[in-house]
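The values are calculated or read from the model by the stated rules, or taken from the named source; none is laboratory data. All figures in this text were calculated on a predicted structure; none of them were measured in a lab. Neighbour counts are summed over all protein chains in view; Cβ atoms, including those assigned to glycine, are modelled from backbone coordinates with ideal geometry. For the accessible areas, the whole protein counts, side chains as well, though only heavy atoms, and no ligand, DNA or RNA atoms are used. Shrake-Rupley method; radii C 1.70, N 1.55, O 1.52, S 1.80 Å.
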Amino acid sequence: MADTTNLYQDLKNALNDFKTFLDQNVATIKPAIAALKSLLPQIGDLIDKLIALMGQLKSAIQNLNVSNIPGLSQVSQFTASAKTLLQTAESLLPDQKSAIDDVLSVVDVVSGLPSLDQVKADILKLLDGIVADLNSLKS
């Protein structure tokens, strides 16, 4: 399994890439979308659905609050140890690679929780910016 960063940092990176693209291309995309609306009215639905998904994602991120969970640092140490153990076991249990990869995916998500508060504000800011850009494409 490739060494993956945590899910939240991956999300932040993907949102940042999308936001950067929008910032650089809204002026070009906006007239194209206006022209496409007469040929393909679903383009408006696409933008509305993207905006709705960004809203749902924002709500999900806002509801994540791990700072008050006691023992979180110990869980982080536990997942780091489990990751090392699983990566070592992979070479000894090649037939179990798929199962080990599944567990490693969960470990990556859980190990990202302690740093969530650090990226949470950035993610929310990116989501707000993306929604503003998408709304500008509708007008």
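Please verify whether Ile100 is farther than 17 Å from Ile130 by Cβ and surrounded by 14 or more Cβ atoms within 10 Å (Cβ to Cβ), treating the condition exactly as stated. Criteria met by Ile100. Note on segment 23-33: among residues that are among the β-branched types (Val, Ile, Thr) and touching a residue at least 24 places away in the same chain (Cβ under 8 Å), the one that is nearest to Leu134 (Cα to Cα) is Val26.
Are there any pairs with C-beta distances below 8 angstrom linking a residue in segment 76-95 that is over 17 Å from Val109 (Cα atoms) to a residue that is open to solvent by 80 Å² or more (accessible area, probe 1.4 Å) and of a type outside the set (A, V, I, L, M), with the two at least 6 apart or on different chains, and if so which? From segment 76-95, the pairs are Ala89/Gln96; Glu90/Gln96; Glu90/Lys97. Taking the listed residues Asp101, Asp48, the one that is closer than 20 Å to Gln9 by Cβ and acidic (Asp, Glu) is Asp101, with no other qualifying.
If you go through segment 30-63 and keep only what is open to solvent by 40 Å² or more (accessible area, probe 1.4 Å) and in contact with an Asp or Glu (Cβ under 9 Å, 6 or more places away or on another chain), you end up with just Lys58. The C-beta contact set for segment 1-22 (first residue over 21 Å from Gln87 (Cα atoms), second residue open to solvent by less than 50 Å² (accessible area, probe 1.4 Å) and modelled with pLDDT under 85, distance under 7 angstrom, 6+ apart or interchain) comprises Tyr8/Gly112; Tyr8/Leu116; Tyr8/Val119; Gln9/Gly112; Gln9/Val119; Lys12/Val119. Taking the listed residues Pro70, Pro114, Pro41, Pro31, the one that is within 26 Å of Ser139 (Cβ to Cβ) and modelled with pLDDT under 90 is Pro41, with no other qualifying.
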